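Working notes for the structure below.
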Number of protein chains: 2
Amino acid sequence: MDFTFLGTGAGMPAKERNVTSLAMGFPEYDGDLWLFDCGEGTQRQILYTSVRMTKLTAIFVTHLHGDHLFGLPGILGSRSFQGAETLLTLIGPVGLREYVETSLKLSGTHLHYPIEIREIGQNGPVYENDHFQVETAELDHGIQSFGYRITEKDIPGELLVDKLRMNGVEPGPIYGEFKSKEWVTLPDGRQLKTSDFLSQKRKGRRTAIIGDTRPCASALRLADQADLLVHESTFRNNALKLAHDYHHSTSVQAAEIAKKANVKKLILTHLSSRYQKADQLALLAEAKQIFPQSNLASDFSVFHLVRQSKD
Amino acid sequence: MDFTFLGTGAGMPAKERNVTSLAMGFPEYDGDLWLFDCGEGTQRQILYTSVRMTKLTAIFVTHLHGDHLFGLPGILGSRSFQGAETLLTLIGPVGLREYVETSLKLSGTHLHYPIEIREIGQNGPVYENDHFQVETAELDHGIQSFGYRITEKDIPGELLVDKLRMNGVEPGPIYGEFKSKEWVTLPDGRQLKTSDFLSQKRKGRRTAIIGDTRPCASALRLADQADLLVHESTFRNNALKLAHDYHHSTSVQAAEIAKKANVKKLILTHLSSRYQKADQLALLAEAKQIFPQSNLASDFSVFHLVRQSKD
Ligand SMILES: [Zn+2]
Ligand SMILES: [Zn+2]
């Protein structure tokens, strides 16, 4: 599971940071790929990464502000131009459908693959596939804005074949029962507890993506015990009032969420374009004082989230 | 008058060429600025030029394909963010209004300056200010696509003050009459022909911007006798059928328009992303064989069109 930051700036593109987009890739699962937000210019940022648009299966939009949205129609068209034929699911606030349909219609963009648009009606589950469940909750950003929590399904234990054979159970259809049932009855009448013949299952990874918001209870809930929290950090701590007025968070507020939610790692993104290098480092240092496992995203930085070896 | 190419590629952004946009600046007239087309990422390209969004007074859209349009909402929002308060006029095909209004509404973008949207109803004049007239004609691109001809108003001759004084006409309100009338009657009864007391007027510059199109009569008419013709050249000459099928022009076709229209200079733009450096040079060479004053635009190239010293 890896996270490629395609744009880490707020509001307007800057030379150093483009507006917001984050790719979440699953090389361990057929190389599928999701996007979280899609600011203007995202498809050009992708050219400098290993992200492949044809592998996209879902795009999650946190909210409809332009710096998170205006790159979406271009991505949709280019994905078609590159030959994609597989379903793409778009998830975001009410209004996403009108925006996408109007943009495609007026620009004469004909997609050669199906899209499904899901407008979020309420907090809760919004997406599920073989390996993940995604749930959402509304944040506090003036305009409707959603955070996402991505939970990997637990990875079941593997059959301990040697142990089964030592107990006289030879390979065959019965091995399937050891994966799906609690108890298995052998032809000779013995009853075996399946967990005795499986390695320990591994807990799935948990990630929270918190887009634009003031600090709020929903952010804390979505982030709870996460392995990775990606949180907006538009402002430094000395711009607390500005952050509040514009419905954003400071670095310290993001770090406080990380600490209270007891996450393992925090990545700060969505920095105001007012901050040059020195301010950016200071912003990170402020967060680290509260939560030492804080990191600062920059455009094209990639973070890997490895699977836990045990629960 | 200068032309800054902000994007010179077709269809999809490439590393070397972003999708289409061209800034036309008037340093001789208060630094006003126009854009022709506004592909995704144009506002970020602007960061690498001397173009200032606050100085924009008009944006002309040739057609609504995404590679010419999807950067428009971002430009509108950022121009406001940068403090612009002056009117911005948007001109383009029917559908421009719905696209702009939908994008601004759904993204919650509130502009702190007025915009006027003019959807083109028919060929002819579409815009005029103190110094220029702009007319348009429909091209041949499958989707409705407009070319533009920009005609600078003739620059009137200047008063020959020394000659007036030698004839006993001292500075005063009467000098105004020499600029506005054909004949002036002096207090002593003499009648003077004003053209004898003015330097020669200078012919305004004529530019044609021909966006996506097959070669067509409208392109030829708009380009007639122009000082500068900017013409799309998506394909090389060996892709003639492809150009026709996709409603585009080859380099040779663009050069033929330039030659037939008897323009002074041709700039080719809107190149297919399939072409690497060698093909780009070959594309230019093909055009030069037909029309020697051919040039190839690249991203961030700037062309100056100086005022003619005489008619
Ligand atoms: Zn926002
Ligand atoms: Zn086109």
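The values are calculated or read from the model by the stated rules, or taken from the named source; none is laboratory data. Remember, predicted model here, so these are calculated numbers, not experimental data. In this analysis, Cβ positions are derived from the backbone assuming ideal geometry, glycine residues included, and neighbour counts consider all displayed protein chains. Remember, those area values only see protein heavy atoms, side chains included, never the ligands or the DNA or RNA. Shrake-Rupley method; radii C 1.70, N 1.55, O 1.52, S 1.80 Å.
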What is the one condition in (1) open to solvent by 50 Å² or more (accessible area, probe 1.4 Å); (2) hydrophobic (A, V, I, L, M, F, W, C); (3) under 21 Å from the mean Cα position of the chain (by Cα) that A:L72 does not satisfy?
(1)
Return the pair list, or none, for Cβ contacts closer than 6 Å from residues in region A:65-87 that are more than 7 Å from chain B (Cβ to nearest Cβ) to residues that are hydrophobic (A, V, I, L, M, F, W, C), at least 6 apart or on different chains.
A:D67/A:V19; A:L72/A:C38; A:I75/A:C38; A:R79/A:M53; A:S80/A:L111; A:Q82/A:M53
Please specify each residue of region B:118-171 satisfying the condition of being at pLDDT 95 or above, touching a helix residue (DSSP H, G or I) at 6+ places or on another chain (Cβ under 7 Å) and of a type in the set (K, R).
B:R149
Breaking point among (1) out of contact with any Ser or Thr (no Cβ under 7 Å at 6 or more places or on another chain); (2) more than 13 Å from chain A (Cβ to nearest Cβ), for B:V51
(1)
Look at A:G83 and say whether it is surrounded by 18 or more Cβ atoms within 10 Å (Cβ to Cβ), at pLDDT 95 or above and not β-branched (V, I, T).
no
Flag for B:L90 being away from ligand 1 (no atom under 16 Å from the Cβ), closer than 18 Å to A:G74 by Cα and aliphatic (A, V, I, L, M)
no
Members of region A:273-295 found to be open to solvent by less than 40 Å² (accessible area, probe 1.4 Å) and touching a helix residue (DSSP H, G or I) at 6+ places or on another chain (Cβ under 8 Å), listed by number
A:Y275, A:L283, A:L284, A:E286, A:A287, A:F291, A:S294
I'm told B:G95 meets every condition in (1) on the phi < 0 side of the Ramachandran plot; (2) in contact (Cβ under 8 Å) with a residue 24 or more places away in the chain; (3) within 14 Å of another protein chain (Cβ to nearest Cβ) except one. Can you identify the failing condition by its number?
(1)
So A:V126 passes all but one of these: (1) among the hydrophobic types (A, V, I, L, M, F, W, C); (2) open to solvent by 40 Å² or more (accessible area, probe 1.4 Å); (3) under 19 Å from A:R221 (Cβ atoms). Which condition number does it fail?
(2)
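Can you tell me which of B:H248, B:H270, B:H231 is within 21 Å of B:T62 (Cβ to Cβ), free of Cβ contacts under 8 Å to residues at least 40 places away in the same chain, in contact with a strand residue (DSSP E or B) (Cβ under 8 Å, 6 or more places away or on another chain) and within 14 Å of ligand 2 (Cβ to nearest atom)?
Working: B:H248 fails: free of Cβ contacts under 8 Å to residues at least 40 places away in the same chain; B:H270 fails: free of Cβ contacts under 8 Å to residues at least 40 places away in the same chain.
Of the residues listed, the single one that is within 21 Å of B:T62 (Cβ to Cβ), free of Cβ contacts under 8 Å to residues at least 40 places away in the same chain, in contact with a strand residue (DSSP E or B) (Cβ under 8 Å, 6 or more places away or on another chain) and within 14 Å of ligand 2 (Cβ to nearest atom) is B:H231.
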Answer residue from region A:9-36, given it is within 14 Å of chain B (Cβ to nearest Cβ) and open to solvent by less than 20 Å² (accessible area, probe 1.4 Å) and is farthest from ligand 2 (Cβ to nearest atom) among those:
A:A10
Kindly indicate whether A:F132 is of a type outside the set (S, T, N, Q), crowded, with 18+ Cβ neighbours inside 10 Å and over 20 Å from A:D212 (Cβ atoms).
yes
Restricted to region B:296-311, and to residues that are farther than 17 Å from B:G7 by Cβ and open to solvent by less than 80 Å² (accessible area, probe 1.4 Å), which residue is modelled with the lowest pLDDT?
B:Q308
Quick check on region A:103-113: of everything there that is over 24 Å from A:P13 (Cα atoms) and not in a loop (DSSP other than H, G, I, E, B), which residue is nearest to ligand 2 (Cβ to nearest atom)?
A:L106
Could you tell me how many of the residues in region A:42-85 are within 16 Å of ligand 2 (Cβ to nearest atom) and more than 19 Å from B:T42 (Cβ to Cβ)?
2
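Residue-wise test of (1) more than 15 Å from the chain's Cα centre (by Cα); (2) aliphatic (A, V, I, L, M); (3) closer than 30 Å to A:E40 by Cα; (4) open to solvent by 60 Å² or more (accessible area, probe 1.4 Å).
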{"position": "B:E101", "(1), (2), (3), (4)": "yes, no, yes, yes"}
{"position": "B:L106", "(1), (2), (3), (4)": "yes, yes, yes, no"}
{"position": "B:L111", "(1), (2), (3), (4)": "yes, yes, yes, no"}
{"position": "B:I115", "(1), (2), (3), (4)": "yes, yes, yes, no"}
{"position": "B:T151", "(1), (2), (3), (4)": "no, no, no, no"}
Run B:S103 past the list (1) out of contact with any strand residue (DSSP E or B) (no Cβ under 7 Å at 6 or more places or on another chain); (2) away from every other protein chain (no Cβ under 14 Å); (3) at pLDDT 95 or above and report the number of the one that doesn't hold.
(2)
So B:R97 passes all but one of these: (1) of a type in the set (D, E, K, R); (2) within 16 Å of ligand 2 (Cβ to nearest atom); (3) open to solvent by 70 Å² or more (accessible area, probe 1.4 Å). Which condition number does it fail?
(2)
If we scan region A:98-111, do we find a residue that is within 16 Å of ligand 1 (Cβ to nearest atom) and assigned by TED's automatic domain parsing to the domain that holds A:E232?
yes
Residues satisfying the stated conditions in region A:6-26, i.e. touching a strand residue (DSSP E or B) at 6+ places or on another chain (Cβ under 6 Å) and either more than 16 Å from ligand 1 (Cβ to nearest atom) or in a strand (DSSP E or B) (or both):
A:L6, A:G7, A:G9, A:V19, A:S21, A:L22, A:A23, A:M24, A:G25, A:F26
